[in-house]
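The values are calculated or read from the model by the stated rules, or taken from the named source; none is laboratory data. Fair warning: this is a prediction, and the values are worked out from it, not measured in the lab. With ideal geometry, Cβ positions are generated from the backbone for all residues, glycine too; neighbour counts draw on all protein chains shown.
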Amino acid sequence: MNRIARETVSPRPRVPSREGLADTPFEPRLRALSTAEDWMDWSGCLSPRALGAVETEYFAIRNQATLFDVSPMHKYRVTGPDAERVVNRLVTRDVARLAPGRVAYVLWCDEDGMVIDDGTLFRLGPQDFRLCCQERQFAWLHDIAWGFDVAIADETGDVAGLALQGPTSHAVLEAAGLALPDLRPFGIAEPEPGLVISRTGFSGDLGYELWLRPEGALALWDRLWVAGADLGLRAIGFAALDIARIEAGFIMAGAEFQPIHRALRPSRGRTPFELGLGHLVDPGKPHFNGRRALLREAARTPRRQLVMLDIEGTKDASGALVYHRGRREAGHATSAVWAPTAKRNIAFAELDARAARSAGLRAEIYTLKEGRWERTMASATVIDRGVFRPPRARATPPGRF
Amino acid sequence: MAFDHNRRPRAVVIGAGVNGLAAAATLAARGVDVTVVERGRGPGGMMTGAGQGELGHFVWNLHPAALAELGLGAADLGLGAEVATVLLAADGRHVVIEGEAISFADGTPHPDAAAYRALRARLARFAAVLAPLATAAPPRLGSGMLNRAGLSDLAQLARTGLGLRRLPRDARREFLRVLLSNAADLVRDELPDGPLAASLVFDAILGGRAAPGAPGTVLALLWRHAGGGRRRPAGGMAALARRIAGAAEARGVTIRYDATAAGIEVEGDRVRGLRLGSGEVIAAEMVLSSLGAMPTLRLAGPAHFDAEACRRIRGLRCEGTTARLDLRLAEMPRIEGLDGRLAGARLLLAPSVAAIEAACRPVKYGAIPASPVAEVLIEPGDGGAEGPAHLSALVQHVPYAPECGWTEAAREALAAAVIGALGTHMPGLPGLVTESRLATPRDIETMTGAPGGHWHHAELAADQMLTLRPVNGMARYASSLPGLWFCGAGAHPGGDITGLPGRNAALAAAADLGQGVTR
Ligand SMILES: Cc1cc2nc3c(=O)[nH]c(=O)nc-3n(C[C@H](O)[C@H](O)[C@H](O)COP(=O)(O)OP(=O)(O)OC[C@H]3O[C@@H](n4cnc5c(N)ncnc54)[C@H](O)[C@@H]3O)c2cc1C
């Protein structure tokens, strides 16, 4: 299992110390549980890459239930009479069709149609939205909102977030007195005043995200911890979740695409079409940022295509170059993992559009073996994204496991 | 959407300034049914304070290409002969420039005349190299040869390049050096500081906020030396504006005065017409706006523009710095040695480059200049409302929003500064003033709607010129909203009474219509 504990899961460099990093509201519990002392910088917050062994944490996601602190995620609140117009102006999907109490996965683009970031959009009310994302967007949201009647608040520090993911996650909620049997995927509920629970997550499995004011964070953690004692509940770090999200076919900013506002080279920008997310662009709705550029892009074949590859063998293809028909370099792997549940060696890879549609791909994988690099050419096949998409993730009411 | 070819395409032009009228005539000449809507009660925009009187002084570059669209020859404009320029000197040795002749007021030859003429000749040569740039949309740099449009742009660039190649090798090097330098250095390299040097520098800074040492000032200077000398329209700017409006109407353009554009109608990501303040909607395939970029954006609404475009337009620098002072005088004032040559001449109150630099400074701190520089025109009255004589001054650099606010005292202070400075040359002047009227940049904005009351609608500086005018991404007259075009001074090549932005924009819009493309 050593390939699971690989080093390159995070887009951010590992920080050896906690120096200068802010504590999240859950920090006392995380610190108490950490045996690996493997921390990383997530948006300036101290965040566990792993609390214990990554493989144990990964299997807890797939077989039991897990807690992952998502408080460092940037959270913005958009409220006011023009809130729907502003959010619709931001994202490529049609927000008018998002009902209050529902969540949508969204992307937003710059004027050239290049993806700025992706995230989840919560419609908390007719004129009330929350956007959760990886990148800082406060200034951009103000640019988007200029000329409109809305208020924009950065709620990042005011809302603690906890992801409860895994097949027994609803059972944990139930044991904690927070049962939500009727909550459908992408639904939002408020079982108790001040506690918002959405049926969302990054694991591809049954799962929830819990949102509340930081003051209540530790009490909530303890309540779930006690409730989950007999249900295999485990606290996890980012590394395990990263495996799960690749298996589930979810892209990540900084890995599968370079957020255009962070890219120094404009050519590093990617359109939703190139990321295989064209279905998230709704050209039928009124003008939104980048719409005209996206219409032009939609009319022509994308330059590149992000695909999921199934790679022969078991060697981790992280960073592998991909060749098409022998020696022609056609792209590279952006994230790769041996998918333990699906038992497949998979990778997200960005390929020339033509190569992405054809057979005869080979990945050039380098492995370090006791001080020597070994090179393997493994054949690779484009497959549907998401090798782990169990029906239980969508069942309502959730099954009992 | 394909256009119905049995019907003439319709366009609405916002604003009956020189550029709105040039745009309207250009389109009408190509079979488009054009209506001009003008908020003011007469034509002329910033030439006339939108029909309220007189703001401008002289015409020097009303471009033949724009006149051709209007069906006018230079002779139809009622422009008189080139006016003489009188440079008021601190030591009383005023300088008179009449065409190629440069001398002191008493007739003695000026020692720097030859150097001045050589420098002007050089400026004219360089201006000729740049001239093709003014009559077309700025080249789409870096677009390569991906499409036909890109190809023709390259051809255009090559022509400019050719112009450059026709210069002798040394002149070519010199051209590139000069372009990147600034007006103050350029002039001071060739002439000792004094009224003669200052007269050229004044041409570079008139209407802008930049000081003589700022980059981009040389380009402004060259644009202004591309045309001929200064001429004064008979009957003033109002009469000239009426002639231009009449020419547009003769082309079939309908002009509606007292009609305020209140909103641009958009449907399916395309302009469908213009809504007036009265609520009336004029249906049209396209709207050409001669207003500044920001008022135009507001008419359509930010919802139709990407956030980046809104941000760029928000960031435009467009605080005007030119004020106009009008004085009614009891009789023609006198200047020693200049009797008889004063009336109708262009008087420059700018004794040195250093004085211009000093006059440019206070505006940075929101202060009113104590020793402003100005272009002054004195005309004998017709015995009517304007009295026996009339003096007007275009004063630089006057703040748009002074720290102290435009109080009565602030206005009086500025008027007193101008009258005082002129009074040193015309001792009797203060006593002759029977009425004084000041139009600050803010007043000019109120009168004409020009952002900041700015002469060019937006500062003509290196970062707001050519492919960056009005803003990056909209430099070829097309706003990003299909069917909406920029056709005023805020677009390339900028302000002054040239008619070029209007004519160029209309050609671009007509080409777009001709392709039947809605983009
Ligand atoms: C004080 C001063 C003196 C100047 N002197 C000279 C000079 O001597 N020589 C020279 O060459 N240049 C001079 N200029 C510059 C020159 O006048 C301008 O650059 C030029 O006239 C700009 O023309 P335009 O058509 O682009 O815009 P404008 O002349 O500004 O025309 C815009 C028109 O739109 C109208 N409008 C605004 N809002 C609306 C609305 N909502 N609906 C309908 N209509 C609307 C305005 O009333 C105006 O008529 C001077 C400028 C100033 C400020």
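Scan region A:315-331 and tell me whether some residue there is surrounded by 17 or more Cβ atoms within 10 Å (Cβ to Cβ), away from chain B (no Cβ under 14 Å) and in contact with a Lys or Arg (Cβ under 6 Å, 6 or more places away or on another chain). Scanning region A:315-331, I find at least one residue that is surrounded by 17 or more Cβ atoms within 10 Å (Cβ to Cβ), away from chain B (no Cβ under 14 Å) and in contact with a Lys or Arg (Cβ under 6 Å, 6 or more places away or on another chain), so the answer is yes.
For (1) in a helix (DSSP H, G or I); (2) touching a Lys or Arg at 6+ places or on another chain (Cβ under 7 Å); (3) within 14 Å of another protein chain (Cβ to nearest Cβ), each residue gets a yes or a no:
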{"site": "B:Arg298", "(1), (2), (3)": "yes, no, yes"}
{"site": "B:Ala303", "(1), (2), (3)": "yes, yes, yes"}
{"site": "B:Glu308", "(1), (2), (3)": "yes, no, yes"}
{"site": "B:Ile313", "(1), (2), (3)": "yes, no, yes"}
{"site": "B:Cys318", "(1), (2), (3)": "no, no, no"}
{"site": "B:Arg328", "(1), (2), (3)": "no, no, no"}
{"site": "B:Arg334", "(1), (2), (3)": "no, no, no"}
{"site": "B:Arg341", "(1), (2), (3)": "no, no, no"}
{"site": "B:Val363", "(1), (2), (3)": "yes, yes, no"}
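Among residues of region A:153-173 being among the hydrophobic types (A, V, I, L, M, F, W, C) and surrounded by 21 or more Cβ atoms within 10 Å (Cβ to Cβ), the one that is nearest to A:Phe129 (Cα to Cα) is A:Ala160. Looking at region B:79-104, which of its residues are closer than 30 Å to B:Cys487 by Cβ and surrounded by 15 or more Cβ atoms within 10 Å (Cβ to Cβ)? Once the filter is applied, which keeps residues that are closer than 30 Å to B:Cys487 by Cβ and surrounded by 15 or more Cβ atoms within 10 Å (Cβ to Cβ), region B:79-104 yields B:Leu79, B:Glu82, B:Val83.
Give region B:83-113 a look and list any residue that's away from the ligand (no atom under 14 Å from the Cβ) and not in a loop (DSSP other than H, G, I, E, B), or say none.
Going residue by residue through region B:83-113, those that are away from the ligand (no atom under 14 Å from the Cβ) are B:84, B:86-113.
Within region B:83-113, B:Val86, B:Leu87, B:Val95, B:Val96, B:Ile97, B:Glu98, B:Ala101, B:Ile102, B:Ser103, B:Phe104, B:Pro109, B:Ala113 qualify.
Confirm whether B:Ala247 is assigned to a helix (DSSP H, G or I), out of contact with any Pro (no Cβ under 8 Å at 6 or more places or on another chain), hydrophobic (A, V, I, L, M, F, W, C) and under 30 Å from B:Val32 (Cα atoms). It is true that B:Ala247 is assigned to a helix (DSSP H, G or I), out of contact with any Pro (no Cβ under 8 Å at 6 or more places or on another chain), hydrophobic (A, V, I, L, M, F, W, C) and under 30 Å from B:Val32 (Cα atoms).
Taken over region B:285-307, the criterion of being crowded, with 19+ Cβ neighbours inside 10 Å and away from the ligand (no atom under 14 Å from the Cβ) is satisfied by B:Glu285, B:Met286, B:Pro302, B:His304, B:Phe305, B:Asp306, B:Ala307.
With B:Arg476, B:Arg437 as the choices, which residue is basic (Lys, Arg), touching a residue at least 12 places away in the same chain (Cβ under 8 Å) and either within 14 Å of chain A (Cβ to nearest Cβ) or under 29 Å from B:Arg30 (Cα atoms) (or both)? Break it down into steps so the answer makes sense when it comes.
Working: B:Arg437 fails: either within 14 Å of chain A (Cβ to nearest Cβ) or under 29 Å from B:Arg30 (Cα atoms) (or both).
Answer to the selection: B:Arg476.
Taking (1) within 16 Å of the ligand (Cβ to nearest atom); (2) in contact (Cβ under 8 Å) with a residue 12 or more places away in the chain; (3) not assigned by TED's automatic domain parsing to the domain that holds B:Ala393; (4) not polar (S, T, N, Q) in turn, B:Ala350 satisfies each apart from (3). Scanning region A:31-58 for residues that are surrounded by fewer than 21 Cβ atoms within 10 Å (Cβ to Cβ), assigned to a helix (DSSP H, G or I) and not basic (Lys, Arg) yields A:Ala32, A:Leu33, A:Glu55, A:Thr56. With respect to the conditions (1) of a type in the set (Gly, Ala, Ser); (2) over 30 Å from A:Leu231 (Cα atoms); (3) away from every other protein chain (no Cβ under 14 Å), A:Gly147 lacks only one, and its number is (3).
Checked against the criterion of being within 14 Å of chain B (Cβ to nearest Cβ) and closer than 22 Å to A:Pro259 by Cα, the candidates A:Ala139, A:Ala104 yield just one match: A:Ala139. Being within 21 Å of A:Ala380 (Cβ to Cβ) and of a type outside the set (Phe, Trp, Tyr), is that true of even one residue in region A:289-301? No; the residues of region A:289-301 include none that is within 21 Å of A:Ala380 (Cβ to Cβ) and of a type outside the set (Phe, Trp, Tyr). Going by the structure shown, is B:Arg469 within 16 Å of the ligand (Cβ to nearest atom), at pLDDT 95 or above and either out of contact with any Asp or Glu (no Cβ under 9 Å at 6 or more places or on another chain) or not assigned by TED's automatic domain parsing to the domain that holds B:Ile14 (or both)? No: the conditions fail for B:Arg469.
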